[in-house]
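Have a look at the structure below, then the notes.
The values are calculated or read from the model by the stated rules, or taken from the named source; none is laboratory data. Because the structure is predicted, anything quoted here is derived from the model rather than measured. No Cβ is skipped: glycine too gets one built from the backbone with ideal geometry, and neighbour counts run over all protein chains shown.
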Amino acid sequence: EKGGFDTYMLKEIYEQPQALTNTLIGRLHDDTGEVNLDIGLDPQSFKRISIIACGTAYYAGLVGEYLIEQLARIPVEVDVASEYRYRNPIVSEQTLAVVVSQSGETIDTLEALREAKKGGAKTLGVINAKGSSMTRELDDTLYIHAGPEIGVASTKAYTSMVSAFVMLALWLGRARGTLDETQARDLLHAARELPRLVEEALAPERVEQIKRVAEKYAHARDYLFLGRGVNAPTAFEGALKLKEISYIHAEGYAAGEMKHGPIALIDANLPVVVVATESRLLEKTISNVQEVRARSGQVIALLSDGDTENARHADDVLYVPRAHEMVSPVVNAVALQLLAYFTATALGKDVDKPRNLAKSVTVE
Ligand code: F6R
């Protein structure tokens, strides 16, 4: 049932090109720059968006916030569901609440959805499990079609959720006139490349390199993950993945925040993973890398293919295929899933059943 893989998690990591194809298929039209999501929602009918989710799905929501604000210029807030449901949120008929969930059963997210509905919000779900509890209460569901995810640590659902947000942001941007046809086509093309780019990210020599790096640092006590902009959530997700399956303490930070506290942690025993793929802000990220280096931290840099220039600032480099910045979180996440995976297996952990965790959290 694991299709020749040792674990469900690894199988699901390798299923990502197919999962992404299924998420994107039939929804993007290159020729016209149009996106067809088959949802009844009127894209002009709200003034703000609240994205609500837990865990990995919350990080997908943070990428969603960035994409929607950039591409559709609608104000977005993102909440963890357990906070949202109890904080007396400000909701109106002009709010679109977007809940994000693999299982569609997470109790905090379900209750947060009910809270948003009580306030009059329109509701949309970014959901994997067909016919799950949330889908029965949502106005509209954008299924991610990632297929069943059995490994407790979410992998293909995450990248599919992020891809769903790329499409949603594009759809909103087109409908609301913030994206012209050329920009839309460009992004649409970038999105359609994702299955191929992820396939490339899973090429044997890249996976071998990630495994080597994972084994080199597997005995670290702590890990820091840094990223900026649309890839700040990639750093958060990388840290979550590592801690949940390897039990190594890891923190994810926006790179620019490092100076405001976590820099105090840096010494020769601290591996720091920096997401430094091609971006408008790459130079700033590289200066954060130099700050880590200056304090003897061990830098593991995620760089775009061909970036030998910045490789000299790193102790170890993980190259990833070049992608349009707006879709790069999908490609980058794959490398960090593998880093977590090989760290955990080097330490002999059961990655499919990490201690204290359940696949679907239906109790508060
Ligand atoms: C982490 C992980 C969890 C889930 C979270 C939400 O790898 O899997 O953090 O993302 O429990 O679950 P869903 O998406 O089912 O609502």
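So here's what we get for this one:
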{"read-out": "Tally, over the range 110-164, of residues that are of a type in the set (Gly, Ala, Ser) and part of a loop (DSSP other than H, G, I, E, B)", "value": "11"}
{"read-out": "The range 148-168 residues that are surrounded by 24 or more Cβ atoms within 10 Å (Cβ to Cβ) and at pLDDT 95 or above, paired with ones that are among the hydroxyl-bearing types (Ser, Thr, Tyr) and not in a helix (DSSP H, G or I) (beta carbon under 6 Å, 6 or more apart)", "value": "none"}
{"read-out": "Where GLU205 falls short, out of the listed (1) of a type in the set (D, E, K, R); (2) away from the ligand (no atom under 16 Å from the Cβ); (3) touching a residue at least 24 places away in the same chain (Cβ under 8 Å)", "value": "(3)"}
{"read-out": "Top-ranked residue in the range 79-104 [being of a type in the set (A, V, I, L, M) and surrounded by fewer than 20 Cβ atoms within 10 Å (Cβ to Cβ); ranked as farthest from the ligand (Cβ to nearest atom)]", "value": "ILE90"}
{"read-out": "Leading residue by the ranking (surrounded by the most Cβ atoms within 10 Å (Cβ to Cβ)) among those in the range 124-142 that are under 19 Å from THR21 (Cβ atoms) and away from the ligand (no atom under 13 Å from the Cβ)", "value": "LEU142"}
{"read-out": "Any chance ILE245 is under 16 Å from THR345 (Cα atoms) and at pLDDT 95 or above", "value": "yes"}
{"read-out": "Cβ-Cβ under 8 Å pairs, at least 6 apart or on other chains, the range 218-243 side within 19 Å of ALA323 (Cβ to Cβ) and of a type outside the set (Lys, Arg), far side part of a loop (DSSP other than H, G, I, E, B) and away from the ligand (no atom under 14 Å from the Cβ)", "value": "GLY229/SER279; GLY229/ARG280; GLY229/LEU281; VAL230/SER279; ASN231/THR277; ASN231/SER279"}
{"read-out": "Test: residue in the range 308-319 that is surrounded by 17 or more Cβ atoms within 10 Å (Cβ to Cβ) and in a helix (DSSP H, G or I)", "value": "yes"}
{"read-out": "Among the candidates LEU265, LEU339, LEU357, residue that is away from the ligand (no atom under 16 Å from the Cβ) and not charged (D, E, K, R)", "value": "LEU265"}
{"read-out": "Count - residues of the range 6-32 that are over 14 Å from ASP352 (Cβ atoms), of a type outside the set (Val, Ile, Thr) and either part of a helix (DSSP H, G or I) or under 17 Å from the mean Cα position of the chain (by Cα) (or both)", "value": "9"}
{"read-out": "Residue among ARG196, ARG174, ARG192 that alone is charged (D, E, K, R), away from the ligand (no atom under 16 Å from the Cβ) and buried (at least 21 other Cβ atoms within 10 Å of the Cβ)", "value": "ARG174"}
{"read-out": "Subset of the range 61-109 [among the polar types (S, T, N, Q), assigned to a strand (DSSP E or B) and under 21 Å from GLU149 (Cβ atoms)]", "value": "SER101"}
{"read-out": "Matching entry among VAL330, VAL289, VAL334, VAL274 (being outside any loop (DSSP other than H, G, I, E, B), surrounded by 18 or more Cβ atoms within 10 Å (Cβ to Cβ) and more than 19 Å from the chain's Cα centre (by Cα))", "value": "VAL289"}
{"read-out": "In the range 239-256, the residues that are buried (at least 24 other Cβ atoms within 10 Å of the Cβ) and more than 16 Å from the ligand (Cβ to nearest atom)", "value": "ALA255"}
